[in-house]
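The values are calculated or read from the model by the stated rules, or taken from the named source; none is laboratory data. In this text, all values refer to a predicted model and were calculated from it rather than measured experimentally. All Cβ positions, glycine included, derive from the backbone under ideal geometry; neighbour counts span all protein chains shown. Each accessible area value is taken on the protein alone, full model and side chains, heavy atoms only, with ligands, DNA and RNA left out. Shrake-Rupley method; radii C 1.70, N 1.55, O 1.52, S 1.80 Å.
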Amino acid sequence: VDIPAHRNFAPRTYRAIPAAAALALLAGALCAERAVAEDEASAIDVQHYRLDLRVDPASKSVRGVVEVRAKPTASASTELILDLSQALTVDAVSLSGTPAQFSHEDDRIRIVMDKAQRNRRSVTITVTYHGTPQGKGFTFAERNGQPAISSFGMPFTARQWWPCKDDPSDKADSADILITVPQPLTAASNGKLVATVPNEDGTRTFHWRVAYPIYPDVMSVAIGEYAMFEERYQAANGAVLPMQFYVFPPDEEKARRDFSVLPDMMSSHVQHFGEYPFLREKYGVAEFATYSFREHQTLPSYADKLITGDHQNDAILAHELAHQWFGNSLTVRDWRHVWLNEGFATYASMLWQERRNGRAAYLEELQKLDEGDLQGPVFMSDVTDNKKLFGAATFNKGAWTLHMLRHVMGDERFFAALRAYVAEYSYRNVTTEDFRAVCERLHGKTLEWFFREWIYGVSRPTYQVSWTSGTAGNEVTLVIRQMQSDVPVFTMPIDVRVTTSAGETQRVVWNDRREQTFPIAAEKGGRVTNVTIDPDGWILKHVLAAASD
Ligand SMILES: [Zn+2]
């Protein structure tokens, strides 16, 4: 028997694919950005943020007053902490209207709190500040000779432009975002536009209100001389959701073509995950001058270069839309669980393609996601490296994990689990174990082994398959050996297809040993001509060539 070196079982295509290209550009956008881990309690539970920002394109600076209404937590002793980059200057801090003493070091504002304030049920911290934000979290750029100014909410970048508790585990109940910019610029943001006020100095103030829970990294400011257009999505309850797009004028025609698929994507995601979580507000996209994309709540930012007018980046549009469920409504408790955002959003994009183009197209798309470093684990124990947090392991292997879980649970239970997970954790924080618990409830059995292998574990199985046919002709003895050297054994149900001269039989075998023998009887008569494992590609694996008699 001739056994070639490791190769993937499924035929591969090597053309550039949207998902992989998207990942590459996201990683590229991040290379200079190093995230920082949280190591200190802020001693507050945030209820409401009110940002009042004046953004000046000429001086490339921001001047703001931010109010944080919060409950002091049990750990509050003599100080409260907010995150704010040292690049910005704090002019004043007050606590519930009373000027407060503060220090501003190591990107943190420490605010001295007296006993009376500690015992209040709620305090309002008001920070007045100004300066030019440094880092990728907030950028002053130009497009077509006009200012193009925007935030870019990666983990721990909110502090680069406004004082906040920069932690996904503390979602504010609501927010008001007021942005003042010179005419004729438009400032887009999260939630609903409740007022546009012209000021005497030639500026306008755009007041956006968010009535759903939100965390700082997905709060957005997108400023430009935008052209605006709309699509509509009608929900099952009859509500009409405006889909509002803010694009640079030269790109409007291309954007109208590219974004025309979004109502269909919305229908696909709603079918799989339940109703759009921000139905009383909007869904939109704001073009920005950063070569990347980001799922800001109700208004993802999307690079000018991604708007091509020929649907090249539909997969990214479907991905960003899915983040409204996975990331914004259900928000990770901390960034170790980021695959619950990225793996799910990537997988949602695959589901949209399945709904549109059928099962075969879906299976083919999954094979294309077997690209990049998928060694794992999917769970990120180190959250200080944004390139790893947003890399192939969380995006591609995360999506693959859901694909495999679907096969393990079966379609009915798997999709019921996705809907139950969303219903149970909407607007809240989630962990990997929360998702596992919902899946196990629907599955009726433990899935500890599956999560251990694919989320917390590394590598993939390398199967070597051999078979002999019995004297009756339609009986097969199948031997599956696991040849990977870095992990002792993978447990997986494996599809086996037996082909005889009279037709095909498909079975599932439960493989949980290094070397395992399975007797299989083909239903159809005739001589066995071939035996293949996992012919549709439901397992992330390598396969060595089959040996036959
Ligand atoms: Zn994403």
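Per the listing 182, 213, the residue uniquely open to solvent by 20 Å² or more (accessible area, probe 1.4 Å), over 20 Å from residue 295 (Cα atoms) and of a type outside the set (Phe, Trp, Tyr) is 182. Yes or no: region 449-457 includes at least one residue that is farther than 28 Å from residue 382 by Cβ and open to solvent by 10 Å² or more (accessible area, probe 1.4 Å). Within region 449-457, none of the residues are farther than 28 Å from residue 382 by Cβ and open to solvent by 10 Å² or more (accessible area, probe 1.4 Å). I'd like to check something: does region 231-244 contain any residue that is out of contact with any Pro (no Cβ under 6 Å at 6 or more places or on another chain), among the acidic types (Asp, Glu) and not in a loop (DSSP other than H, G, I, E, B)? The answer is no; no qualifying residue exists. Residue-level check: of (1) closer than 28 Å to residue 382 by Cα; (2) out of contact with any Lys or Arg (no Cβ under 6 Å at 6 or more places or on another chain); (3) open to solvent by 10 Å² or more (accessible area, probe 1.4 Å); (4) assigned to a loop (DSSP other than H, G, I, E, B), residue 324 misses just (3). Comparison of 513, 460 shows that the only residue that is farther than 25 Å from residue 369 by Cα, under 36 Å from the mean Cα position of the chain (by Cα) and modelled with pLDDT of 95 or more is 513. Confirm whether residue 298 is more than 28 Å from residue 413 (Cα to Cα), of a type outside the set (Phe, Trp, Tyr) and within 16 Å of the ligand (Cβ to nearest atom). So residue 298 passes the test. Checking each residue in region 493-531 for being polar (S, T, N, Q), assigned to a strand (DSSP E or B) and open to solvent by 30 Å² or more (accessible area, probe 1.4 Å) picks out 499, 506, 517, 529, 530.
Restricting attention to region 352-392 and to residues that are in a loop (DSSP other than H, G, I, E, B) and free of Cβ contacts under 8 Å to residues at least 40 places away in the same chain, the residue that is farthest from the ligand (Cβ to nearest atom) turns out to be 358. Screening residue 95 on (1) in contact with a Phe, Trp or Tyr (Cβ under 9 Å, 6 or more places away or on another chain); (2) open to solvent by less than 10 Å² (accessible area, probe 1.4 Å) shows it passes everything except condition (1).
Note on region 322-351: residues that are under 18 Å from residue 266 (Cβ atoms) and away from the ligand (no atom under 13 Å from the Cβ) amount to 4.
Of the strands (runs of 3 or more DSSP E) lying entirely inside region 128-210, those carrying at least 3 residues that are touching a Leu at 6+ places or on another chain (Cβ under 8 Å) and either among the β-branched types (Val, Ile, Thr) or under 30 Å from residue 100 (Cα atoms) (or both) are 174-182, 203-210. From the set of residues in region 463-482 that are surrounded by fewer than 18 Cβ atoms within 10 Å (Cβ to Cβ) and among the hydrophobic types (A, V, I, L, M, F, W, C), which is modelled with the lowest pLDDT? In this case the residue turns out to be 472.
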